[in-house]
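Beneath this line is the structure, given in structure tokens, with notes to follow.
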Amino acid sequence: MVTFKELKNDLPAGIVVFLVAVPLCLGIAMASGAPLFSGIIAGFVGGIVVTLISGSQLGVSGPAAGLAVIVLHAIEGLGSFEVFLSAVVLAGVIQLVLGFLKAGSIGYYFPSSVIKGMLSGIGVIIILKQIPHAFGYDESYEGSLHFLEPSGETTFSLIFNSLRYISPAAVIISALSLAILIFWDMVLSKKGKIFQIIQGPLVVVVLGIVLNLVFLNAFPEMALRANHLVELPVATSVGGFFQQFTAPDFSRILTYEVLMLAGTLAVVASLETLLCLEATDKLDPQKRISPANRELKAQGVGNIVSGLIGGLPVTQVIVRSSANIQSGGRTKLSALIHGVLILASVIAIPGLLNLIPLASLAAILFVVGYKLAKPALFKAMYRGGLSQFLPFVVTVLAIVFTDLLTGIGIGMVVGIFFILKNSYHVSHTVVKEKSQAGREKYRIVLAEEVTFLNKGNILEELRRVPEGAELEIDMSRSAVVDPDVIELIENYKETARSNNIKLTIKQTAEDEKLEYEGMKF
């Protein structure tokens, strides 16, 4: 049952996410070479269908920028958007199967430093990508997370080019909006409940619409052009609205191209969803743990529905999820509200939404990006040591200079390096003392899990044992010892005999010690 307390938090958050999501849905559809309405379909399917099935309280689903390049090449390669939709449906079926096979646990194997790096990297790139929109230069599509744009521009060249095409109206709107958002967050939100119910982002969107209408009437030369505003498809009739939906063509669903595309979409969408799910749980103020396998099933159903009615592939998306959290969302009601609003708006008020300046949305996303990439987080990761900071900062930089999945992959390589490095050094402990016979006595205690990666480190330790010493190798605490390490110890028995080392091997706590008295030949 929905309570007023939930509605008080989730309704404003849902409205903010809706305002952010609409241009993102349109921009991703444009970058994908798909009909603009297909992005809207994916938006309300993600917000309604996926949310109702998902166990994530704060995650928001919709079309993902990370799939835009795959979708663009797929539509071009297949030569038909309708055939592409059949691959989306099949990808949803595959995700559903993955959910029942409990493949969702894959997301838990990503180091925390990489996940935090992903969040901060996205925060940085959101800020960088919104700078041109704040200046009124809108050559890049909303929601782009790629360093290289389809036009050949890069994130930084777009920023430099935007300085040559500054729109005074866009700068005024974005600057005033940003000032209001900061003041609202730092001062007004603490003054009374009314300022918590009415969110700053909603105020700046209304302000942006009003200011641009003022410019249009009083200073027409300053007014923002259509490409500086939200551009929602407007149907002139009920029939025209329903004509924007597209049915899939299943005639080629069993061909190699469609099967491969479906598999690719399923794997990439699932990975992006699981990473976002993990990141969203880290941002959740209540630290709830979302069921990963249930999320895969929800995404699978969402993609089946989206593909059947003409929508783009759906994933859980971090930009909208983080906007939801930072706008005060507490339960999945906020994501559901955002989905319902997308559907209702394209039916009832598409013309009104097309008055929203992208500069107003840029200011909202500036705040979202800053909260994801706060300097305090960089300081905290630095204090955690090199093994935490380096994978974190590499992930941030890799995401900024490549794209989301490539950046995470590069961060994972660095994270795995430190995992292997630490594993190499924690294979055993060594105790050195004098025996009753006056000999030097060494005791090597193997770790709970010893893999082939530890072989070199253990071998180096064995070589340090001098001739005539006593040595005990204690394996009693080890749950798993790799066969390579066991073979190494077996071979060392001969070394012990030739070096007059009294070798004792303790295999379990209950077993008697197996002794191998050193002998010289």
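The values are calculated or read from the model by the stated rules, or taken from the named source; none is laboratory data. Note that this is a predicted model, so its numbers are computed, not measured. So basically every Cβ, Gly included, is an ideal-geometry build from the backbone, and we count neighbours across all protein chains shown. Just so you know, the surface numbers come from the protein's heavy atoms only, side chains and all, with ligands and any DNA or RNA stripped out. Shrake-Rupley method; radii C 1.70, N 1.55, O 1.52, S 1.80 Å.
Between 0 and 90 degrees, rounded to the nearest ten: what's the tilt of helix 68-78 against the longest Cα principal axis of the chain? Computed tilt is about 80 degrees.
Tilt of helix 256-283 relative to the longest C-alpha principal axis of the chain, in degrees (0 to 90, nearest 10)? The angle comes out at about 80 degrees. Against the chain, whose longest principal axis comes from its Cα atoms, helix 200-218 is set at around 40 degrees.
Here the chain is scanned for trypsin sites (Lys or Arg not before Pro) in DSSP loops (not H, G, I, E, B) that have at most 16 other Cβ atoms within 10 Å, and the longest stretch holding none of them is 289-438. Alpha-carbon geometry of the range 214-342: the Rg and the Dmax are 19.5, 60 Å, given in that order.
Each label was represented as a point 7 Å from its Cα along the Cα-to-Cβ direction; for LYS282 and VAL431 these points are 3.9 nm apart. Once semi-axes √(5λ) of the Cα gyration tensor in Å is calculated for the structure shown, the corresponding label among (i) 56, 26, 21; (ii) 34, 29, 24; (iii) 39, 26, 24 turns out to be (i). Based on a Kirkwood Rh over C-alpha pairs, give the Stokes-Einstein translational diffusion coefficient of the range 354-424 at 4 °C and viscosity 1.567 mPa s in µm²/s. Taking Rh from Cα pairs, D becomes 93 µm²/s. Extension gain for ARG383-ARG164 works out to 74.8 nm (0.36 nm per residue, less the C-alpha to C-alpha distance). A simple spin-label model places the labels of VAL206 and LEU148 4.6 nm from each other, with each point 7 Å out along Cα-to-Cβ.
Report the calculated FRET efficiency for TYR108 and ILE349 (r = Cβ-Cβ distance, R0 = 51 Å), to the nearest 0.05. It would help to have the intermediate numbers written out before the result.
Details: r = 42 Å, r/R0 = 0.83.
It comes out at approximately 0.75.
When TYR492, TYR256 are compared by accessible area of protein heavy atoms, the largest-first order is TYR256, TYR492, using a 1.4 Å probe.
With the whole protein complex present, ILE53 retains an accessible surface near 60 Å², based on a 1.4 Å probe.
Measuring only protein heavy atoms, the 1.4 Å probe finds SER38 accessible over about 0 Å². Solvent exposure of LEU420, expressed as accessible area, is near 80 Å², computed with a probe of 1.4 Å over the protein chains only.
What does the extension gain come out to for THR264 and ARG477, with contour length at 0.36 nm per residue minus their alpha carbon separation?
Computed gain between THR264 and ARG477 is 72.3 nm.
Can you tell me how much longer the chain between PHE250 and MET186 gets when fully stretched, taken as 0.36 nm per residue apart minus their C-alpha distance, in nm with one decimal?
Numbers: separation 64, 0.36 × 64 = 23.04 nm, distance 5.37 nm.
Extra length from PHE250 to MET186 when fully extended: 17.7 nm.
Distance from the Cα centroid of the range 434-475 to that of the range 27-95 is 58 Å (rounded to whole angstrom).
Once you have a ≥ b ≥ c as the square roots of the Cα gyration tensor eigenvalues for the range 172-220, tell me rounded if a/c is under 1.5, and otherwise prolate or oblate according to whether a/b is larger than b/c.
Values: a/c = 4.02, a/b = 2.36, b/c = 1.70.
Verdict is prolate for the range 172-220.
On the beta carbon distance between LEU216 and VAL171, with R0 = 22 Å, the FRET formula returns roughly 0.85. Is the range 101-210 rounded, prolate or oblate when judged by the Cα gyration tensor, a ≥ b ≥ c being the square roots of its eigenvalues, rounded requiring a/c under 1.5 and prolate requiring a/b larger than b/c? In terms of gyration-tensor shape, oblate.
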